[in-house]
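Notes follow the structure.
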Amino acid sequence: MTPDALVSRLDNLISLPDAYYRVETLIADPYATVNEISAALGGDPAMASRVLGVVNSAFYGFPSRIDSIPMAITILGSRSLRDLMLGMAVSRAFRGINTDLVDVERFWEHSIYCGLMARALGRESGRRETERLFLAGLFHDLGKLVIYQVAPREAEAVLQHYGAQDKPLQEVERQHLGCDHAQVGRELLQRWNLPTLLQEAAGCHHEPDTAREYPESVALVHVANVLAGRVEPGERVHAGDQRDQAIHPATSDHMPADEQTLERLRLTVDLETVELYELLFAEP
């Protein structure tokens, strides 16, 4: 199988919501007004409600409450709003996935944690506009969901072999599928025409030394993924398998400088993960 073939099977099952594309089009228009962008988002009340929930959460940490979408756009800026909506749109697109091969709740907890840790590491190193690092971490494993959704029998065989071998999951996937979840995730994000940084982070998060356009961002996502701990979809099949990933030598400079810093970041990200999961996935 090829990444293109697997993603093509998904085309009729999953797509991003119309509200995201309407807002994205308006944001790209230099003459669009805040009210026009707000009206486009207001056409999807559930997403508008979630946007306000996240804007008023610890994710942003604003000192006073933001009560309206126009106010949120004014304070966040249109680009940050677009990125926030993108995270919601993608998580919603996969919300209805139906498979016994993955604990979907734990999958998203891991992905949210990875995104928040990537953002925290970026802030710690003095980087600006770290919200996109959050998206890169949030989306890094989407290829797994594609595989489990469109090729469940092959995926089950992969997980059986993965549990019986001392090899990384992506290596077992390549042996049995002809490609791995990182390649599939990259293909999906490319098919959706999402930013190149997100595509490269998905495609290179296990092999960060292969990143060409955004090596530092990919390195941060790689480190965040390792720090997030192992929450692999195969746990339901092989609950006793607790192998850990190792930090790639090329990314060691992106690890926190000391244990106290790491524990401080872990505590913050732990709390943010719980709150953000509820905001993204709780029933409206």
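Of all residues in region 140-161, those that are within 17 Å of Gln183 (Cα to Cα) have Cβ atoms under 6 Å from Cβ atoms of residues that are hydrophobic (A, V, I, L, M, F, W, C) and at pLDDT below 90, 6 or more apart or on another chain, in Leu145/Phe94; Leu145/Ile97; Val146/Leu10; Tyr148/Leu101; Tyr148/Val102; Gln149/Ile97; Val150/Leu10; Ala155/Leu101.
Determine whether region 187-205 contains at least one residue that is surrounded by fewer than 15 Cβ atoms within 10 Å (Cβ to Cβ), modelled with pLDDT under 90 and in a loop (DSSP other than H, G, I, E, B). No. Of the residues making up region 128-170, those that are in a helix (DSSP H, G or I), basic (Lys, Arg) and more than 22 Å from Leu86 (Cα to Cα) number 1.
Consider region 131-172. How many of its residues are within 19 Å of Leu189 (Cα to Cα) and not β-branched (Val, Ile, Thr)?
Total meeting the criteria: 19.
Checked against (1) among the charged types (D, E, K, R); (2) under 21 Å from Gly42 (Cβ atoms); (3) modelled with pLDDT of 90 or more, Glu124 meets all criteria but (2).
Write out, first by first residue and then by second, each pair whose Cβ atoms fall under 8 Å of each other, whose residues are 6+ apart or on separate chains, and whose first residue, in region 270-284, is at pLDDT below 85 while the second is assigned to a loop (DSSP other than H, G, I, E, B). Correct list of pairs: Phe281/Arg95. Might you let me know whether region 73-81 holds any residue that is charged (D, E, K, R) and in a loop (DSSP other than H, G, I, E, B)? No, that holds for no residue. Would you confirm whether any residue within region 96-117 is over 13 Å from the mean Cα position of the chain (by Cα) and within 17 Å of Arg50 (Cβ to Cβ)? Yes: one or more hits.
Look at Asp4 and say whether it is within 24 Å of Leu271 (Cα to Cα), assigned to a helix (DSSP H, G or I), in contact (Cβ under 8 Å) with a residue 12 or more places away in the chain and among the acidic types (Asp, Glu). So Asp4 does not fit the description; no.
A search for C-beta distances below 7 Å between a residue of region 199-217 that is farther than 18 Å from Pro3 by Cβ and any residue that is modelled with pLDDT under 95, counting only pairs 6+ apart in sequence or on different chains, returns Pro208/His248; Pro208/Ala250; Pro208/Thr251; Asp209/His248; Asp209/Ala250. Counting the residues of region 45-98 that are hydroxyl-bearing (Ser, Thr, Tyr) and surrounded by 15 or more Cβ atoms within 10 Å (Cβ to Cβ) gives 5.
Go through region 21-70 residue by residue and tally those that are part of a helix (DSSP H, G or I), in contact with a Ser or Thr (Cβ under 9 Å, 6 or more places away or on another chain) and over 21 Å from Thr273 (Cβ atoms).
Count: 10.
The values are calculated or read from the model by the stated rules, or taken from the named source; none is laboratory data. Since the structure is predicted, the reported quantities are computational estimates derived from the model, not experimental observations. In this analysis, Cβ positions are derived from the backbone assuming ideal geometry, glycine residues included, and neighbour counts consider all displayed protein chains.
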